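One structure is given below, encoded as structure tokens.
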Amino acid sequence: MAQCVSRVQLAVACRCLLDRDVGSKSDPLCVLLQDVGGRQWAELGRTERIKNCQDPEFSQKLVIDYYFEKVQKLKFGVYDIDNKSTDLSDDDYLGGMECTLGQIVSSSVFTRPLELKEGKPAGKGTITITAEEIKDTRVVNLEIEARSLDKKDFLGKSDPFLELYKQSDAGAWQLVYRSEVIKNNLNPCWRKFSVPLQTFCGGDFNKPIKVQCSDHDSDGSHDLIGVFETNLAQLQKAGDSSPVEFECIHPEKKQKKKSYKNSGIISIKSCKIETDYSFLDYVMGGCQINFTVGIDFTGSNGDPKSPDSLHYISPDGINEYLIAIWSVGSVVQDYDTDKLFPAFGFGAQIPPSWQVSHEFALNFSPNNPYCQGIQGIVDAYRQILPQIRLYGPTNFSPIINHVARFAAHSAQQGTASQYFVLLIITDGEITDLDQTRQAIVNASKLPMSIIIVGVGEADFKAMEFLDGDNGVLKSLTGEPAARDIVQFVPFRQFKNAPREALSQMVLAEVPKQLVSYYKFRGWPPLKPP
């Protein structure tokens, strides 16, 4: 599963803590716990203890792995420590706060009141959490070519490829990059490539780098052409018009022959260091994720009053449509400040004229289709079910084009301010496949992603085709999608899995898709780190 794992460090500060010590102020420490399921909390870390302080700013940061596709419930507890034991049960509790990691990373500074227990404030005490992603976001972009390389093959020229190594602190060489092989060419020009700065040299511009050029043999017995050593500081001198050149030296040949000069020249055409922004850089920099839901109300779902219908609401108040809305919505809602989500239905006859509509607002209010929170979508869905007639055909393109219009309008601002996620829940019998293909290809150039959850037992071949995992999706005219923006998941695979499993699978691709869009446009975060 594609995991968007980042390490996030949390800085904690408190204000106006309760005073539990006689004759002096409290000696606070903050502990971070994560919900590991079933209201079981596991400790992830704690800050240092600060003596006699009611407004502590802790210097010890708390570090946590961040996953976009999971709801990570956290609890911060502040304790007054008056003894040497690490057990907190014998220390005074100064208050705590529960939230999700999504809430913290989507607000630049997250402040909440401390509570002694739910609904009981801890005096005027507050806690403030500031998140920062831990990583060097820079990448090294290199363009390398060579000329006059030694001929190594008996019948042809050489088939050269490059390998770049960094020297570890212990002196060993570690491979950081291997290029493609260029067949039968003594003056090769390799593809541009990029390596994270951390990987390339651990961020040390003077760390030795070894560049090795070899002749590729299909049996794996590659012949060395030559090698040289350098460092990033030297490579960086390569500019657009003035490459940096190195002689490629074969050590054995050099020893044997007095007249040996070199085995070719390797030329660094350009070496640029750029910042590679991450999903968190964009979200923390102020990018809002707008969530829209589209629900399939076509006849193939079956009569909602009948227990075998996919829209039948069971006695405990759920069906597959509702579970999909809850599990995906509960993750995405943390990234949207106004918590107003447009929700639409398609493929039903709607009152009063009983015309078939392919994009009607669930709340029957076309000018204001917004529902308040995920609960608002659920309520609107339950209310509308008895009022419409399931019909057909199953057309996806109107609702994709609807969201695409908003995304296009937002993209005109030329900033990484809004990204759109459309969740379509369907029983999979699509009618307008060609128009939908075109709609997706058009949307692939916009700040949006499409998630399709297939409910029921239908054959979802068309959905898998739209997902494009088996090759690039093309429109009817042969135009390819600019990037992969569709993720399809069949609900039946998750019938007996915990609810989180569905949202994790469905949302795993969104961070990559968001970053790929802004990278494709060359837009940095609104507030770069």
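Out of all the residues in the range 268-285, which are in contact with a Pro (Cβ under 9 Å, 6 or more places away or on another chain) and surrounded by fewer than 16 Cβ atoms within 10 Å (Cβ to Cβ)?
THR275
Considering the range 272-322, the residues that are part of a loop (DSSP other than H, G, I, E, B) and within 30 Å of ILE129 (Cβ to Cβ) include one that is modelled with the lowest pLDDT, namely ASP276.
Applying the criterion of at least 2 residues that are within 25 Å of the chain's Cα centre (by Cα) to the strands (runs of 3 or more DSSP E) found wholly in the range 325-440 leaves 340-346, 418-426.
Residues in the range 14-42 that are within 37 Å of the chain's Cα centre (by Cα), more than 18 Å from SER59 (Cβ to Cβ) and charged (D, E, K, R) were compared, and the one that is modelled with the lowest pLDDT is ARG39. Of the residues making up the range 51-78, those that are over 32 Å from the mean Cα position of the chain (by Cα) and open to solvent by less than 40 Å² (accessible area, probe 1.4 Å) are CYS53, PRO56. For the range 454-506, the tally of residues that are among the β-branched types (Val, Ile, Thr), assigned to a loop (DSSP other than H, G, I, E, B) and in contact with a Leu (Cβ under 7 Å, 6 or more places away or on another chain) stands at 1.
Using the structure shown, decide if THR436 is in contact (Cβ under 8 Å) with a residue 60 or more places away in the chain, assigned by the TED database to the domain that holds GLY468 and over 28 Å from ASP334 (Cα atoms). No: the conditions fail for THR436.
The values are calculated or read from the model by the stated rules, or taken from the named source; none is laboratory data. Quantities reported herein were computed from a predicted structural model and do not represent experimental measurements. Reconstructed Cβ throughout: ideal geometry from the backbone, glycine too, with neighbour counts over all protein chains shown. With ligands, DNA and RNA removed, areas are computed over all heavy atoms of the protein, side chains included. Shrake-Rupley method; radii C 1.70, N 1.55, O 1.52, S 1.80 Å.
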